[in-house]
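Enquirer: Before we start, here is the structure in question, set down as structure tokens.
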Amino acid sequence: MTAFVFELVFWMLLDLIGCGVAHVVLQLITGGKVVVQPLTVNPLRSSQEEFLSYYRIRNGRIELDRSLAGLLGLIFFILVAAAGFLATFAFASLI
């Protein structure tokens, strides 16, 4: 039962935080060329074949799978949070 709860919390965090961050960060970094897969089926997807969890869309964009985008977003979130945490201690040690 504990493993089920842990897995549920992990996937919820992955989807909420990871996909939320990935939606914003991927759009900014790539200039809108890479987007996160929407919850519904995208009619612009040129094929149903996927390669390494991404699809090519007819308008030239690349659509990442939600789980991969969530993982990337969660990693980015953790790195930024750790950098902010370390910067706080570095600033406090200067005072």
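Enquirer: Heavy-atom accessible area per residue, the chain, 1.4 Å probe: how many Å²? Don't skip to the answer; put the middle values down first.
Expert: Values: 6980 Å² over 95 residues.
Here the per-residue accessible area is 73 Å².
Enquirer: What value, in deg cm²/dmol to 500, does the helix sum -39500 (n - 2.57) over DSSP H runs of n ≥ 4 give at 222 nm once divided by the residues of the chain? Provide the component values of the computation, followed by the final result.
Expert: On the way: 3 runs with 53 residues, N = 95.
Value at 222 nm, helices only, nearest 500: -19000 deg cm²/dmol.
Enquirer: Sticking with this structure for a sec: Place a +1 charge on the Cβ of each Lys and Arg in the chain and a -1 charge on the Cβ of each Asp and Glu, then give the dipole magnitude about the Cα centre in debye, rounded to the nearest 20. List each step's numbers first, then the result.
Expert: Working: 6 positive and 6 negative charges, 73 e Å.
So the dipole magnitude of the chain works out to roughly 340 debye.
Enquirer: Cβ neighbours within 10 Å, averaged per peptide: list 77-84, 60-67, 14-21 in order, most packed at the top.
Expert: On the way: 77-84: 11.4, 60-67: 15.9, 14-21: 18.0.
With the highest mean Cβ count within 10 Å placed first, the list reads 14-21, 60-67, 77-84.
Enquirer: Using only the alpha-carbon atoms, how far is helix 19-30 inclined from the longest principal axis of the chain? Give it as 0 to 90 degrees, nearest 10.
Expert: 80 degrees
Enquirer: So how tilted is helix 66-94 from the main axis of the chain? Cα-based, degrees 0 to 90, rounded to 10.
Expert: Roughly 20 degrees, rounded to the nearest 10.
The values are calculated or read from the model by the stated rules, or taken from the named source; none is laboratory data. This is a predicted model, so every value here is computed, not measured. Virtual Cβ from ideal backbone geometry, glycine too; neighbours counted across all protein chains shown. Calculation scope for accessible area: heavy atoms of the full protein, side chains included, ligands and nucleic acids excluded. Shrake-Rupley method; radii C 1.70, N 1.55, O 1.52, S 1.80 Å.
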